[in-house]
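Report on one structure; see the data block that follows.
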Amino acid sequence: MTQPTRDPRLVVEVLSEALPYIQRFTGKTVVVKYGGNAMTEDTLIDSFARDMVLMKEVGINPVVVHGGGPQIGDLLTKLKIESRFVNGMRVTDSETMDVVEMVLGGLVNKGIVNLINQCGGKAIGLTGKDGSQIRARKLKVEHQTPEMTAPEIIDIGHVGEVEHISTDLIEMLAERDFIPVIAPIGVDAKGNSYNINADLVAGKVAEALGAEKLMLLTNVAGLMNAEGEVLTGLTTAQVDALIADGTIHGGMLPKIRCALDAVKGGVASAHIIDGRVPHATLLEIFTNAGVGTLITDAERHGNDAG
Ligand SMILES: Nc1ncnc2c1ncn2[C@@H]1O[C@H](COP(=O)(O)OP(=O)(O)O)[C@@H](O)[C@H]1O
Ligand SMILES: CC(=O)N[C@@H](CCC(=O)OP(=O)(O)O)C(=O)O
């Protein structure tokens, strides 16, 4: 790979500016959720892989949880199977579950692993079935339209929620300098597979690991208000109001819910980040610039999440 020529003084200056952040985050765990919508351009995927390797090289432990919704959708279309969503969750019958497992556990997972390894990292790809690390149960979904007087519970098939995350495997890999790359497929005690929204898995993994940061990479500049302006920082109470008035909808719903749960569960900060910006994760960690929406539990942290 040919690198563009840069002023060496500038490079040294940038490295020096990053020093306090490197010192602050070294030894800490950062869970990065890499959404399928952020995986569209080859150069961006490459910059993401390089960022994971750089983090690891400076002593941070990145753990990648990936999505792949659009990639699942593409294969379903080719197979002439219809995609349907309720509350941002894919309705998953047995046939769809097979496709989800093939795309997430195979194509997408191994694609990310391969890229990280190409950039000089040591990535290992896993699903929640490996070591039974993501124990799941069937998700009960409440659905209500404005016309309905009360919500109804509907069956959306093999969609799961996280019951328990075992961290042994992830910690063992991280200690041996591997970067774990996890596909959001869970398993129950009977061996049934569940399709779980990747944001929800990332949030629970971050909580279970006691991570310093949860970064959710997506295809928007951050969480937006009704006027389309990015909200750079907000508290749990503000988020509740935006959900209630419908400003937060679709795929942003599980994302924001998991970010809230993660900060309530002890993760210092959660960030919704624009994955279309090259090196978005490094910009978040190593600079003051900020590239999206920061969610903290104001009662616990005040404004010190960084
Ligand atoms: N208030 C909001 N602010 C920003 N995006 C929103 C909001 N409400 C809904 N969205 C939608 O959520 C999408 C991101 O979720 P999703 O499509 O599941 O992405 P990913 O694949 O990255 O998880 C955005 O592309 C946007 O269309
Ligand atoms: C239950 C459910 O909806 N699961 C998701 C899992 C993948 C995912 O979450 O991918 P993104 O992060 O790219 O949206 C799905 O089937 O699309």
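The values are calculated or read from the model by the stated rules, or taken from the named source; none is laboratory data. Because the structure is a prediction, the values reported are computed rather than measured. Neighbour counts are summed over all protein chains in view; Cβ atoms, including those assigned to glycine, are modelled from backbone coordinates with ideal geometry.
Could you tell me which of the residues Gly246, Gly250, Gly266, Gly228 is assigned to a loop (DSSP other than H, G, I, E, B) and within 16 Å of ligand 2 (Cβ to nearest atom)?
Every option except Gly250 fails the conditions.
Glu95 fails exactly one of the following numbered conditions: (1) under 25 Å from Gly191 (Cα atoms); (2) within 16 Å of ligand 1 (Cβ to nearest atom). What is the number of that condition?
Among (1) under 25 Å from Gly191 (Cα atoms); (2) within 16 Å of ligand 1 (Cβ to nearest atom), Glu95 violates only (2).
Would you be able to say whether some residue in segment 213-224 is more than 9 Å from ligand 1 (Cβ to nearest atom), in contact with a helix residue (DSSP H, G or I) (Cβ under 9 Å, 6 or more places away or on another chain) and part of a helix (DSSP H, G or I)?
Checked against the condition, which is being more than 9 Å from ligand 1 (Cβ to nearest atom), in contact with a helix residue (DSSP H, G or I) (Cβ under 9 Å, 6 or more places away or on another chain) and part of a helix (DSSP H, G or I), segment 213-224 yields no hits at all.
Specify which of the listed residues (Gly120, Gly160) is at positive phi and not in a helix (DSSP H, G or I).
None of the others qualify; the one that does is Gly120.
Which residue is farthest from Leu169 (Cα to Cα), if the candidates are limited to segment 213-225 and must be surrounded by 24 or more Cβ atoms within 10 Å (Cβ to Cβ) and within 12 Å of ligand 2 (Cβ to nearest atom)?
Thr218
Identify all residues within segment 174-212 that are among the charged types (D, E, K, R) and part of a helix (DSSP H, G or I); write none if there are none.
Listed by number, the residues that qualify are Glu175, Asp199, Lys204, Glu207.
So the check is Cβ under 8 Å with 6+ separation or different chains; which pairs have a first residue in segment 56-68 that's more than 10 Å from Val32 (Cβ to Cβ) and a second one that's of a type in the set (Phe, Trp, Tyr) and within 16 Å of ligand 1 (Cβ to nearest atom)?
Cβ pairs passing all conditions: Gly67/Tyr34.
Please work out which one of (1) in contact with a Gly (Cβ under 8 Å, 6 or more places away or on another chain); (2) over 20 Å from Val113 (Cβ atoms); (3) within 16 Å of ligand 2 (Cβ to nearest atom) is the condition Gly210 fails and give its number.
Failing condition for Gly210: (3).
Which of the residues spanning segment 31-59 are within 16 Å of ligand 2 (Cβ to nearest atom), in a loop (DSSP other than H, G, I, E, B) and not aliphatic (A, V, I, L, M)?
Gly35, Thr40, Glu41
Taking the condition modelled with pLDDT of 85 or more, in contact with a strand residue (DSSP E or B) (Cβ under 8 Å, 6 or more places away or on another chain) and more than 16 Å from ligand 2 (Cβ to nearest atom), does Lys28 pass?
yes
State whether the residues of segment 68-89 include one that is of a type outside the set (Asp, Glu), at pLDDT 95 or above, touching a strand residue (DSSP E or B) at 6+ places or on another chain (Cβ under 6 Å) and not in a loop (DSSP other than H, G, I, E, B).
no
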